[in-house]
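The block underneath contains the structure these notes are about, expressed in structure tokens.
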Amino acid sequence: MIVSINWLRQFVEINLEPKELAHRLTMAGLEVEGVSDRHACLDSVKAARVLTVAPHPAGENLTVCTLDFGGNKPCTVVCGAPNVRQGMLSALALPGTVLPGGRTVAQSVIRGVDSFGMLCSAAELGTGPDKSGILELEKGAPGDKIASLLNLADTVFEIGVTPNRPDCLSLLGVAREAAAVCGTRLVRPQILLPKGEGAIEEITSVTIEAPEHCPRYVARLIRNVTVAPSPFWLQDRLLSVGLRPINNIVDVTNFVMMETGQPLHAFDFDLLEEGRIVVRTAQDGEKFTTLDGKEKILSSSNLMICDGRKPVALAGVMGGENSEINSGTKTVLIESAYFSPMSIRKTAKSLGYHTDASHRFERGVDPTGCPAAAARAAQLMLEVAGGVPAEGEIDAHPAPWAPKEVRLSVNRANSILGTGLSQAQMQALLAAVELETKTPDSDTLSVTPPGFRVDISIPEDLVEEIARLFGYDNIPVTAPKLPMEAPPPRPAMSFRKKLRSIMVHLGFFEAVNYSFVAADTPARLGLAADDPRQATLAVANPLSEDQAVMRTSLLPGLLAATGRNVNLQNRSVRLFEIGKVFFARADEPLPSEQFMLAAILSGEPGPLSWHQKAVPCDFYDMKGAAEALFEILKIKNVDFVKPAPGQADTLLPGHCAAMVFKDKVLGILGQIRPEVCASFDLKQRAFLLEMDVAALRSITPDAVAFAPPPRYPFVLRDITLVLDKAVPAAEVLGKVRQMKHPWVESVWVFDVYEGKPIEKGKKSLSFRITYRADDRTLTDGEVNTLHDEIGKSLLNAFGATLP
């Protein structure tokens, strides 16, 4: 945002030097990125006395002038101005001068005569509209700077306005801030309109078909205007803020936009079919040619301004070629509207536009300022283009703006800022920027933000206002009170930290993946339609298609990481991740969250060595890692059983297991199906371990009880059963544990055999049981009796036989 101090002074008394004002504005939150003299280019333009004037020997209508410009000796300049004469004092632009129009003056030879510089007109210097002859100075001496003689002093600020302060994208907005830091008062321009001829409602109408995109549309009409170049003062104002003058009608709309922050548009009313305005969304595939001559293909999300039959403008972005102001325009319809910021942002981005109007609408203009801006534009158009206004205005307002009250506790504000401001002081600070406050009680400020302050919606916004207006430099420096004791760690966080340490000690490397995955991830994992992991939550603004939804499993990230490692020739991969998964909930905006532990094993379990062959990892390597984890956590009697239907869709049937503790499923492990690996570009076998962290924590003992080493010896007994091949060994082990005999210390499988002489469909399982008593040494008879009882129970339970 470029701001001219001279223009600013029309609205506020500035009692600070420009550099001090720039500093104060910066400290108040409006960062002044640059301060420059608008007329700095005229530093090398000096007053020069014309000593002699002679006709050019080879150029008709040209003269050769000798000038005294305060230098060591006179210079010669070739001039074509009709008013040059001997003795006059004029303006000489020395070589190297860059004039306001962008022209660079150079020492040259004009038809054989050396010309040192250029005698300039007021228009060429940007000091007035006269370009009929060179500027004649009434006072001064040769060598004086033109800027000093003409009192050309206008400092220009370049302000970096943050997106939350669209009110400062206007001269009035910046003037409001300047008034606050200068301690003066903002004075708005007075708007007076003559009585019109004919009610505007009888001439035109406005219909809003998309009120969610356009809550308000104000229109005014002026007839019998004369389109011409703007007067110098209007052109000069636009040039001072970096805008190019076009004609008096368009220049007024730009002037009012810069003054008030409200973008306007002027239509040639005679080009509007049926003489009316319709605000609607475009049809998919509809074509429209904008003012810059580019044809755009529209979608249903683009808001359009139309006449009775066709579109005439991209709402809030750019006008159309078919209704622009031209030299023959006689009747002007002024548009002053409020458009939805989101609608304009989408339209401008999708069509590749970023205009001064869209820049303001995207951030939010004042919904209450539309009528005043339209009236101000009508006032100025009547002044610079003549004409007669229609009586009144059309104010289509289907969705009125309703301000929301914000309440702030004085004590809380002081607590946040570390200040001791009174309620009256805070009230005065807010009033300086036109935030009217009420005091329901001695500790409360009630503020209803005006329409131009779209950034104020919560109490903290008011705290920020008080801080910046009071002055950050005035807030005392205080050290925060910090307790010397560290808060106790949260149990859940400590448990996850412990799991990480265990997995690292088991030889796994931790991976950290994004919580976002592609929308087709559940399908790539081969999940059933009713699997809970199908309930993904879409990300509102995804960075890419590969990060469109929240993950419901840690496996996709680990598979992708493993695939990348294998493709980079790192074929032995041991990765784990502890993180959240997210499940969408019906009628709930936020998902349910769950911490999971997942590990992946692929390739060879260890490095190559001379004393053993390289053997690829298998199911039992991952099962061993799970058993080691349980052992370290002191979790006993976890059964590895066949997964229930739908529990392990990503794993290869017959090569997977569910981990169960007392009917509580802790997780699954096993070989990942080859097609799932292939969908993640993994070209070798991989094995998965996946556990619910909360379930694992719930069965982990908080403390480990110490027990002295056993005093009495153990006794080992083996038993071999022949039973159906389909009976899992875990069921047999579970049966022994269910007997809960105090002498049974442990039981495990040490041999499995299939083949002759065992009949087909059967298998031989050999178990070893450790017996021990806590109070005495067991006799062989006692052990044999118990061992026989256990054997008979197993034979009956599983229909087994002895070999």
| task | Filter the stretch 130-184 for residues that are over 30 Å from residue 468 (Cβ atoms), under 46 Å from the mean Cα position of the chain (by Cα) and not in a helix (DSSP H, G or I) and give the result. | result | 152
| task | Kindly provide the set of residues from the stretch 388-421 that are surrounded by fewer than 16 Cβ atoms within 10 Å (Cβ to Cβ) and free of Cβ contacts under 8 Å to residues at least 12 places away in the same chain, ordered by number. | result | 402, 415, 420
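Does the stretch 463-475 contain any residue that is open to solvent by 30 Å² or more (accessible area, probe 1.4 Å), touching a strand residue (DSSP E or B) at 6+ places or on another chain (Cβ under 7 Å) and among the acidic types (Asp, Glu)?
Initially, the stretch 463-475 is screened for residues open to solvent by 30 Å² or more (accessible area, probe 1.4 Å), giving 464, 469-470, 472-475.
The next check asks that each one be touching a strand residue (DSSP E or B) at 6+ places or on another chain (Cβ under 7 Å); those that pass are none.
Among the residues of the stretch 463-475, not one is open to solvent by 30 Å² or more (accessible area, probe 1.4 Å), touching a strand residue (DSSP E or B) at 6+ places or on another chain (Cβ under 7 Å) and among the acidic types (Asp, Glu), which makes the answer no.
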| query | Which of the residues spanning the stretch 327-364 are among the polar types (S, T, N, Q), open to solvent by less than 60 Å² (accessible area, probe 1.4 Å) and within 19 Å of residue 289 (Cβ to Cβ)? | reply | 329, 347, 355, 358
| task | Would you check if there is a residue in the stretch 536-544 being under 16 Å from residue 518 (Cβ atoms), in a loop (DSSP other than H, G, I, E, B) and modelled with pLDDT of 95 or more? | result | no
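Could you tell me whether any residue of the stretch 754-768 is open to solvent by 80 Å² or more (accessible area, probe 1.4 Å), touching a Lys or Arg at 6+ places or on another chain (Cβ under 8 Å) and either of a type in the set (A, V, I, L, M, F, W, C) or modelled with pLDDT of 90 or more (or both)? Explain how you work it out, then say what you get.
The initial filter retains those residues of the stretch 754-768 that are open to solvent by 80 Å² or more (accessible area, probe 1.4 Å), namely 754, 756-757, 759-760.
Now restrict to residues that are touching a Lys or Arg at 6+ places or on another chain (Cβ under 8 Å): 754.
Filter again for either of a type in the set (A, V, I, L, M, F, W, C) or modelled with pLDDT of 90 or more (or both), leaving 754.
Yes - at least one qualifying residue is present in the stretch 754-768.
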| Total residues in the stretch 393-408, condition among the small types (Gly, Ala, Ser) and modelled with pLDDT under 95 | 2
| task | For the stretch 696-737, enumerate the residues that are open to solvent by less than 90 Å² (accessible area, probe 1.4 Å), farther than 29 Å from residue 776 by Cβ, in a loop (DSSP other than H, G, I, E, B) and of a type outside the set (Gly, Ala, Ser). | result | 700, 727, 728
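For the stretch 315-324, which positions are open to solvent by less than 20 Å² (accessible area, probe 1.4 Å) and either out of contact with any Ser or Thr (no Cβ under 7 Å at 6 or more places or on another chain) or in a strand (DSSP E or B) (or both)?
We begin by selecting, within the stretch 315-324, every residue open to solvent by less than 20 Å² (accessible area, probe 1.4 Å); these are 315-317, 319-320, 323.
Of everything in the stretch 315-324, those that are open to solvent by less than 20 Å² (accessible area, probe 1.4 Å) and either out of contact with any Ser or Thr (no Cβ under 7 Å at 6 or more places or on another chain) or in a strand (DSSP E or B) (or both) turn out to be 315, 319, 320, 323.
With 62, 30 as the choices, which residue is in contact with a Cys (Cβ under 9 Å, 6 or more places away or on another chain), modelled with pLDDT under 95 and over 14 Å from residue 115 (Cα atoms)? Working first, answer last.
On the way: 62 fails: over 14 Å from residue 115 (Cα atoms).
Exactly one residue qualifies, and that residue is 30.
Being crowded, with 18+ Cβ neighbours inside 10 Å, in a strand (DSSP E or B) and not polar (S, T, N, Q) is the requirement here; does residue 559 meet it?
Values: crowded, with 18+ Cβ neighbours inside 10 Å: yes; in a strand (DSSP E or B): no; not polar (S, T, N, Q): yes.
Against the criterion (crowded, with 18+ Cβ neighbours inside 10 Å, in a strand (DSSP E or B) and not polar (S, T, N, Q)), residue 559 does not qualify.
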| note | residue 89 vs (1) open to solvent by less than 50 Å² (accessible area, probe 1.4 Å); (2) in contact with a Cys (Cβ under 9 Å, 6 or more places away or on another chain); (3) closer than 20 Å to residue 152 by Cα: all pass except (2)
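Could you check, for the stretch 371-379, whether at least one of its residues is assigned to a loop (DSSP other than H, G, I, E, B) and open to solvent by less than 20 Å² (accessible area, probe 1.4 Å)?
Applying the first criterion (assigned to a loop (DSSP other than H, G, I, E, B)) to the stretch 371-379 yields none.
Looking through the stretch 371-379, none of the residues is assigned to a loop (DSSP other than H, G, I, E, B) and open to solvent by less than 20 Å² (accessible area, probe 1.4 Å).
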| field | Given (1) open to solvent by 20 Å² or more (accessible area, probe 1.4 Å); (2) touching a residue at least 24 places away in the same chain (Cβ under 8 Å); (3) at positive phi, index of the condition residue 670 fails | value | (1)
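Can you give me the number of residues within the stretch 593-631 that are modelled with pLDDT of 90 or more and open to solvent by 40 Å² or more (accessible area, probe 1.4 Å)?
Initial filter on the stretch 593-631 (modelled with pLDDT of 90 or more): 593-603, 617-631.
Next, only the ones that are open to solvent by 40 Å² or more (accessible area, probe 1.4 Å) stay: 593-595, 618, 620-621, 623, 627, 631.
Count: 9.
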| query | Which ones in the stretch 254-274 are open to solvent by 40 Å² or more (accessible area, probe 1.4 Å) and either free of Cβ contacts under 8 Å to residues at least 40 places away in the same chain or aliphatic (A, V, I, L, M) (or both)? | reply | 271, 273, 274
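Before we move on, is residue 58 buried (at least 17 other Cβ atoms within 10 Å of the Cβ), out of contact with any Phe, Trp or Tyr (no Cβ under 6 Å at 6 or more places or on another chain) and either within 30 Å of residue 463 (Cα to Cα) or touching a residue at least 12 places away in the same chain (Cβ under 8 Å) (or both)?
Numbers: buried (at least 17 other Cβ atoms within 10 Å of the Cβ): no; out of contact with any Phe, Trp or Tyr (no Cβ under 6 Å at 6 or more places or on another chain): yes; either within 30 Å of residue 463 (Cα to Cα) or touching a residue at least 12 places away in the same chain (Cβ under 8 Å) (or both): yes.
Taking the combined requirement at face value, the residue does not satisfy it.
Go through the stretch 298-314 and give me each residue that's open to solvent by less than 10 Å² (accessible area, probe 1.4 Å) and within 31 Å of the chain's Cα centre (by Cα).
Quick first cut of the stretch 298-314, residues open to solvent by less than 10 Å² (accessible area, probe 1.4 Å) only: 298, 302-307, 312-314.
Selection gives 298, 302, 303, 304, 305, 313, 314.
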| field | the stretch 764-803, subset assigned to a helix (DSSP H, G or I) and among the β-branched types (Val, Ile, Thr), residue farthest from residue 718 (Cα to Cα) | value | 785
| note | Taking the stretch 519-531 and keeping only residues that are touching a Pro at 6+ places or on another chain (Cβ under 8 Å) and either open to solvent by 20 Å² or more (accessible area, probe 1.4 Å) or closer than 12 Å to residue 680 by Cα (or both), one is left with 521, 524, 525
| message | Please go through the stretch 291-313 and give me each residue that is without any contact (Cβ under 8 Å) to a residue 60 or more places away in the chain and in a strand (DSSP E or B), ordered by number. | response | 295, 296, 297, 304, 305, 306, 311, 312, 313
| task | Would you check which residues across the stretch 202-225 are surrounded by fewer than 20 Cβ atoms within 10 Å (Cβ to Cβ) and over 43 Å from the mean Cα position of the chain (by Cα) and list them? | result | 202, 203, 223, 224
| task | Pairs only if they're at least six apart or on different chains, beta carbon under 9 angstrom, first in the stretch 131-149 and at positive phi and at pLDDT 90 or above, second open to solvent by less than 80 Å² (accessible area, probe 1.4 Å) and part of a loop (DSSP other than H, G, I, E, B); list them, first residue then second. | result | 143/69; 143/70; 143/71
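The values are calculated or read from the model by the stated rules, or taken from the named source; none is laboratory data. Just so we're clear, the structure is a prediction, and the values are computed from it rather than from any experiment. Neighbour counts are summed over all protein chains in view; Cβ atoms, including those assigned to glycine, are modelled from backbone coordinates with ideal geometry. For the accessible areas, the whole protein counts, side chains as well, though only heavy atoms, and no ligand, DNA or RNA atoms are used. Shrake-Rupley method; radii C 1.70, N 1.55, O 1.52, S 1.80 Å.
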